[in-house]
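As structure tokens, the structure follows; a few thoughts come after it.
The values are calculated or read from the model by the stated rules, or taken from the named source; none is laboratory data. Note that the structure is a prediction, hence the values are computed from the model and not measured. Don't worry about glycine lacking a Cβ; one is built from the backbone with ideal geometry, like all the others, and counts go over all protein chains shown. Just the protein is used for accessible areas: all its heavy atoms, side chains included, with ligands, DNA and RNA removed. Shrake-Rupley method; radii C 1.70, N 1.55, O 1.52, S 1.80 Å.
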Amino acid sequence: MINDTFASYALTTRKLTLAYEGKVVIDSLDLAIPTGKITVLVGPNGCGKSTLLKGLGRLLKPKHGVVYLGCDSIAKLSTKAIAKRLGLLPQGPTAPEGLTVRDLVAQGRYPHQGWLQQWSKEDEKQVNWALSITQMQEFAHCALDNLSGGQRQRAWIAMTLAQDTDILLLDEPTTYLDLAHQMEVLDLLYDLNQEQSRTIVMVLHDLNQACRYGDYLVALKDGIVYKQGYPNQVMTETMVQDVFGLESQIVSDPVAGTPLCIPIGRKISIKAPIR
Amino acid sequence: MSTISRQRPSLRSTIPLGLGLILGLGLLLVCFMASVGLGVADISLKTVYEALTAFDGSTDQLIIRTVRIPRSITALLVGGAVAVAGAMMQGLTRNPLADPGILGINAGAALAVVGSVFWLGTTSLSIYAGFALLGAAIAAITVYALGSLGRGGLTPLNLTIAGAAFTALVSSITTGVLILSQRTLEEIRFWLAGSVAGRDLDLVVQVLPYLVVGMVIALAIGKQLTTLSLGEDIAQGLGQNTAWIKVAAAVSIILLAGGSVAIAGPISFIGLIVPHIVRFWVGVDYRWILPYAAIAGATLLLVADIGARLIIQPQELPVGLVMPLLGAPFFIYLTRWQVRR
């Protein structure tokens, strides 16, 4: 039975417990990330989203339980073997001053190179492809610290793309970006998913973007899954109340038809609707 | 100055960087010859050459063979080793102000040497060297251990804090011993200032294997250090076994910085500024930074040592004191120029 399920899941966890400094953050979690879909982790600050992402990407050793990459236990694979199948981008990465975009993206080829192996044609091809799909070619020789936040984030994503993995884990790829740049990054990820059927797992803070771009949503609360499923199943007024402690109304997104969460704060003054 | 922002060389612009390296080696050779030839006793290049090929026992030739050449070789080795250790420290801790001092290496070596003079009455440079190396190794291992106990494990910040705390503690003990014991202070004053003078070749040969092994490890992990400098999470995500690289780098740093402090005492500043000067030329790739740092560090210490001999003739200063005098204004100029870029 287990083997059936593995085939359609890129990542699976069994009784996964993750802890920081002895404090349990994720408790005995069973989760399956479907292959070729976009899965979005949502939840309040400190609920364990980033920790879970680190656990899935083997940056954090589980206290108990197992993470499976396809059918393989991640603990039994070499870190380099994992890096050929799974790319990850932590939150707010920083590069050394003066590093150019192209040099950063070239670092994505690290897992495909040996100690002595020189730069190959395949490396060159993948780097050029990653630069072009993220539209970073014109900035290839600019230093990262001279670019805008959106361009910088695209450069980091290009690096993970040059890694040429089927799975991408991204921790808040839209943080510190203005709205237009947020959409730009999310559209890029959507295209990658659609055109290359890459499996994407990301943490997002904006619930409406999560519903718009996620095929699946996982709502986390205090280290356990409160609810998971399609956006219209997960995104309910009860969920927002229970997980975020926020009163809200869920309406239909007039653009995409996905759930749209309107928070009800204390300051409500009825104004004339905008025509 | 042009208004166009300075383009840094790409990681793969191998040919110009390779040529630069050869040019640097040429410059280093010139400085080495100058270091052998110049000094309080003015000796012609011809005599230098003859001292090596046709030794006749004259005073000048004796100076060359027993004083100048050992001194120049010491400066060459120490300068190169300290600069490479500093570059690795900066990459490892992601701290631009890191130098071998930050791992507590110099402080540990100093306490070991001062302690050996105070308690055991050591007087020979070669026994100092043994104690210095031991002190450096114990210091680095202690700092690594302390650093990994901190929250989040062996992070750059934990390593930096552990190094600073260890240095503060150990330096205060060293100072205490020196205040209590006038004899120790008299004995050790020159060693503590850092100098490349008066080292005989036997001492250099004794420490040479440590420096060579340290340098080989450093050059072998250049590529890995570049990736690690993007941050530990990124490096791990790219499939690097970061724990391993950090240990290899630590061993290399202990051998290079420990070996240097063993021969020459704590030489400050080279480990801090040379990597910055080098990055300015070659960018952020440690495969180039490390060899360039080795050559630039060796050249700089040779030049500083020539200065140490000539500034207040016929007296001489320890090069450890001249180095900051020469280095500090240049460093300030460099950072200001870079910031305004």
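General observations
- Evaluating B:L192 against the criteria (1) out of contact with any strand residue (DSSP E or B) (no Cβ under 8 Å at 6 or more places or on another chain); (2) buried (at least 24 other Cβ atoms within 10 Å of the Cβ); (3) on the phi < 0 side of the Ramachandran plot leaves one unmet condition, (2).
- Filter pass, B:G237 being within 14 Å of chain A (Cβ to nearest Cβ) and in contact with a strand residue (DSSP E or B) (Cβ under 6 Å, 6 or more places away or on another chain): yes
- Test: A:G22 is modelled with pLDDT under 90 and within 14 Å of another protein chain (Cβ to nearest Cβ): yes
- Entry remark, the range B:102-128: residues being at pLDDT below 75, more than 19 Å from the chain's Cα centre (by Cα) and either within 30 Å of B:L92 (Cα to Cα) or not hydroxyl-bearing (S, T, Y) (or both) number 1 in total.
- Screening the candidates B:V251, B:V303, B:V322 for the property of being out of contact with any strand residue (DSSP E or B) (no Cβ under 8 Å at 6 or more places or on another chain) and either within 14 Å of chain A (Cβ to nearest Cβ) or open to solvent by less than 10 Å² (accessible area, probe 1.4 Å) (or both) yields one hit, B:V322.
- Residue in the range B:210-228 that is away from chain A (no Cβ under 14 Å), out of contact with any helix residue (DSSP H, G or I) (no Cβ under 7 Å at 6 or more places or on another chain) and open to solvent by 30 Å² or more (accessible area, probe 1.4 Å) present: yes
- Of the strands (runs of 3 or more DSSP E) lying entirely inside the range A:221-272, those containing at least 2 residues that are open to solvent by 80 Å² or more (accessible area, probe 1.4 Å) and in contact (Cβ under 8 Å) with a residue 24 or more places away in the chain are A:224-229.
- Filter result for B:L17 (within 14 Å of chain A (Cβ to nearest Cβ) and under 26 Å from the mean Cα position of the chain (by Cα)): yes
- Scope the range A:148-170; condition part of a helix (DSSP H, G or I) and within 12 Å of another protein chain (Cβ to nearest Cβ); matching residues: A:A155, A:W156, A:M159, A:T160, A:A162
- Per the listing B:Y292, B:Y333, the residue uniquely at pLDDT 85 or above and not acidic (D, E) is B:Y292.
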